[in-house]
Amino acid sequence: MTNDFWRQPKEWEMDIYSKIVELKKENRNFITVSVVKSTGSTPGKAGFKMVVDHEGKTYGTVGGGAIEMEAIQESKRLMASGEENLLKEYLLSNDEKIINPKVTVVPMSCNGKIWLYYEFERNLPVIYIFGGGHVGQALIEIMSKLKYHVILIDNRQELFEKNKAKGINCIYMEYKDFVEQFIPADDSYFVAVTYGHLFDYEILKTLYSRNLVKKYIGIIASRAKAAAMINNLKNEIDAGIDLSKLHMPIGLKIGGDTAYEIALSIAAEIQSVRYEKKI
């Protein structure tokens, strides 16, 4: 048979790359499995690719049959364990007497060898930024370059339209309505830099009322405003409320008062929390 017979069709490749872009945009875990080498008779050849998503669904192929089922199971195992990327060698043979700790034997009659590379694309920690003003915009720019999945929430349609046109992942909704409904992961980060302290307090109070603050919440406020908000929280929720994850006033004291400098101080603070660095 000619090499053209074994070549993965172009439309499959485009579907796979489109799916990769989609899964990244959705911030989902997935594995890309690639055939990097084959010898002898094998159903998949170098260049074949398959994506296994967080639900175990597949797109593309590494050749089909038992080797593909093996690749799917290995992908699920890697995603469950959180292990690093993996290069694995397989022998496609029905000979049950073959024992080789360095090679995985897959029951197929091909009698060839195939090498699969598993590339694990992990979902990123999510940062919810409430408020798309100058500080929010600067923070989006910084955090997007630091391997975070950034979501902007704003109740101003003109800002929503502006940010959407830039390709920013944004939600047009009243702040309190959003916080009352969403279900964030435990490792999510929250930043409130809205255009009103009442909005900031509604966000803060609702997050604590729903027990959603597990990692970090930062509120832009003066020391006086911060003290007043904390006092209100204790009166309205619980005098013994755990505020160890609350950063208010927000940001590290690194100097500067422009929007970008403030955003930089917030990003630095979030990084110190993420990597457990004492400042």
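Listing for the model above:
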read-out: Some residue of region 184-195 being in contact with a Lys or Arg (Cβ under 6 Å, 6 or more places away or on another chain), free of Cβ contacts under 8 Å to residues at least 60 places away in the same chain and surrounded by fewer than 17 Cβ atoms within 10 Å (Cβ to Cβ); value: yes
read-out: Boolean, Ile140 is at pLDDT below 95, among the hydrophobic types (A, V, I, L, M, F, W, C), over 24 Å from Ile16 (Cβ atoms) and not in a strand (DSSP E or B); value: no
read-out: Condition broken by Ala259, with the remaining ones in (1) touching a residue at least 12 places away in the same chain (Cβ under 8 Å); (2) closer than 22 Å to Lys176 by Cβ satisfied; value: (2)
read-out: Hits in region 158-197 - residues which are assigned to a strand (DSSP E or B), farther than 21 Å from Lys215 by Cβ and among the hydrophobic types (A, V, I, L, M, F, W, C); value: Cys170
read-out: Residues of region 198-219 that turn out to be in a helix (DSSP H, G or I), charged (D, E, K, R) and surrounded by 18 or more Cβ atoms within 10 Å (Cβ to Cβ), as a count; value: 2
read-out: Residue pairs meeting the criteria (Cβ under 7 Å; at least 6 apart or on separate chains; first without any contact (Cβ under 8 Å) to a residue 12 or more places away in the chain, in region 141-160; second of a type in the set (Val, Ile, Thr)); value: Ser144/Val150
read-out: Matching residues in region 239-250 - criterion: being in a loop (DSSP other than H, G, I, E, B) and either of a type in the set (A, V, I, L, M, F, W, C) or touching a Gly at 6+ places or on another chain (Cβ under 6 Å) (or both); value: Ala239, Ile241, Leu243, Met248, Ile250
read-out: Residue match in region 251-269 (condition: outside any helix (DSSP H, G or I) and surrounded by 14 or more Cβ atoms within 10 Å (Cβ to Cβ)); value: yes
read-out: Segments classed as strands (runs of 3 or more DSSP E), wholly inside region 16-134, with at least 2 members that are under 30 Å from Leu152 (Cα atoms); value: 30-39, 49-53, 113-121, 126-130
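The values are calculated or read from the model by the stated rules, or taken from the named source; none is laboratory data. Keep in mind that this is a model prediction, so the values were computed, not measured. Cβ coordinates were reconstructed from backbone atoms using ideal geometry, including for glycine residues, and neighbour counts include every protein chain displayed.
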